[in-house]
Amino acid sequence: MAKRDYYEVLGVGKNASADEIKKAFRRAAVQHHPDKGGDEVKFKEINEAYEVLKDTSKRQRYDQFGHAGMGGGASGNPYEGFGGFGGQGQNVNFDFGDLGLGDLFGSFFGGGNDRGGQRQTRGRDVETAVEISFDQAVFGTEVDLNLSLDDECEHCKGSTVEPGHEMKTCDECKGAGQITKVMRTVFGNIQQAVVCPKCAGRGKIPEKICTVCNGKGTARKNQEVGLKIPAGVDDGATIRLRERGEAVANGPKGDLYVNLRVKPHKKFTREGDLILSDENISMVDAALGTEIDVDTVDGPIKMKVPAGTQSGTDFKLSSHGVPHLKKETRGSHIVTINVDTPTKLSKRQKELLEDLRKESSGKKTIFGH
């Protein structure tokens, strides 16, 4: 079966920059990762394409000669000659750290996010939601979140060790935090460094585990977390509170993500930093001009409507809109004027309107004008 063009595999053009190639690889690798339900064949094809296109010299050779310039005989395997990937009985080590995908690829190949030493674990991230009013979103507010989270065990202070005892070197990994395994694959034997199952990558284990948390280092607790919501946030925004998620033994807490839901206002709508509302006036007021009270988030204000205003005309009230998140300025409030056309008229009103129509058409009225 003929190999696909490497640029086509990554979905980039032949003049793509190194950064564009890297970003395309990230997207494609995440999409087709087998641990995420992806296609393993496509996943390998994506890796093969990236290995060539990320390297300037190999990319130049590929651009000039195509797959034939990649070596590896009929297979065209670009890994041959680089650690024996295409041979039999060879050992290959993978390092995807330059892309920030260590955890993702580590899970596929059996490794962790270790860097040749002990691994620091991190608490679980937590996601929650809070509903605020339209006005609170505009001006900002503070709310208290009541959450049930894993927190540090008060007895052992998160160390997992019974007070009065110490940590000792793990006898499984000899303090390295990881052990080496060899996995047999169609490519040969792959040597992997995996997290030590006994010490969970810490390199040490308790002399005696905590009698309260049973060595977990954490306990479930109800917590009240204060959240300051800045002025100008919009519906669907997410606020991240670093290390306010769940605790874990011998490591930092995870993060807390708060999704904001803004209740709709009965009169106002919002578009970015603009607040929009409608006001109705009579046909006479539109023709002669008037002054009306307009509701804003800052309270009612007077607004002049000039004579001859047409229905649908917009008026801007500067600095009565939504505050900008990174500036000390505000957007505007846009008021749309709707002119009400009367549906029920008295006899006198009809006569007056008829006179007006005749006058506007240049005909003499009953008043002789």
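On the accessible surface of segment 113-224, probed at 1.4 Å, how many percent belong to carbon and sulfur atoms?
Details: 2880 of 6650 Å².
C and S atoms contribute 43 percent here.
With R₀ fixed at 56 Å, the C-beta to C-beta distance from GLU172 to GLU271 puts the FRET efficiency at about 0.40.
Taken along the Cα-to-beta-carbon direction at a fixed 7 Å, the label points for ASP340 and THR185 span 7.5 nm.
If the viscosity is 0.890 mPa s and the temperature 25 °C, what Stokes-Einstein diffusion coefficient in µm²/s follows for segment 224-369 when Rh is the Kirkwood radius over Cα pairs? Don't skip to the answer; put the middle values down first.
Numbers: Rh = 19.8 Å.
In µm²/s, the coefficient is 124.
Pairs from the table (LYS267/LYS304; LYS263/LYS344; LYS304/LYS327; LYS44/LYS204) lying more than 27 angstrom apart at Cα are LYS263/LYS344; LYS304/LYS327; LYS44/LYS204.
Between GLU279 and SER17, the contour length at 0.36 nm per residue exceeds the Cα-Cα span by 89.0 nm. Highest mean packing first, where packing is the average number of other Cβ atoms within 10 Å per residue, the peptides 132-145, 287-300 line up as 132-145, 287-300. With all projection directions averaged, the alpha carbon convex hull of segment 276-344 covers 4.9 nm². A full extension of the chain between HIS324 and ASP39 corresponds to an added length of 98.1 nm, given 0.36 nm per residue minus the alpha carbon distance.
Is the C-alpha gyration tensor of segment 162-257 telling us rounded, prolate or oblate? Criteria: a/c under 1.5 is rounded; beyond that, a/b larger than b/c is prolate, otherwise oblate. Can you show the working numbers first?
Values: a/c = 4.03, a/b = 1.47, b/c = 2.74.
Oblate shape, in that a/c is at least 1.5 and b/c is the bigger or equal ratio.
Relative intensity of segment 323-363 on a log10 scale, I(q)/I(0) at q = 0.14, 0.17, 0.26 Å⁻¹, equals -0.56, -0.66, -0.91, per a Debye sum over C-alpha point scatterers of equal strength in the absence of solvent.
Near GLU8, within a Cβ-to-Cβ distance under 15 Å, what is the net charge of the other residues, with Lys and Arg +1 and Asp and Glu -1? Before the final figure, lay out each step's value.
Values: positive: LYS3, ARG4, LYS14, ARG27, LYS42, ARG59; negative: ASP5, GLU20, GLU45, GLU48, ASP63.
Charge balance in the 15 Å sphere: +1.
Report the paramagnetic label zone for GLU142: residues of segment 221-258 whose backbone N is under 14 Å from a point 7 Å from Cα along the Cα-to-Cβ axis. Hits in segment 221-258 for GLU142 at 14 Å: 225-231.
Largest first, the extents of the alpha carbon coordinates of segment 138-178 on the three principal axes equal 58, 26, 14 Å.
The values are calculated or read from the model by the stated rules, or taken from the named source; none is laboratory data. Owing to the predicted nature of the structure, the values given are computational and were not obtained by experimental measurement. Positions of Cβ are backbone-derived with ideal geometry, glycine not excepted, and every protein chain shown enters the neighbour counts. Only protein heavy atoms, including side chains, enter the accessible area calculation; ligands, DNA and RNA are left aside. Shrake-Rupley method; radii C 1.70, N 1.55, O 1.52, S 1.80 Å.
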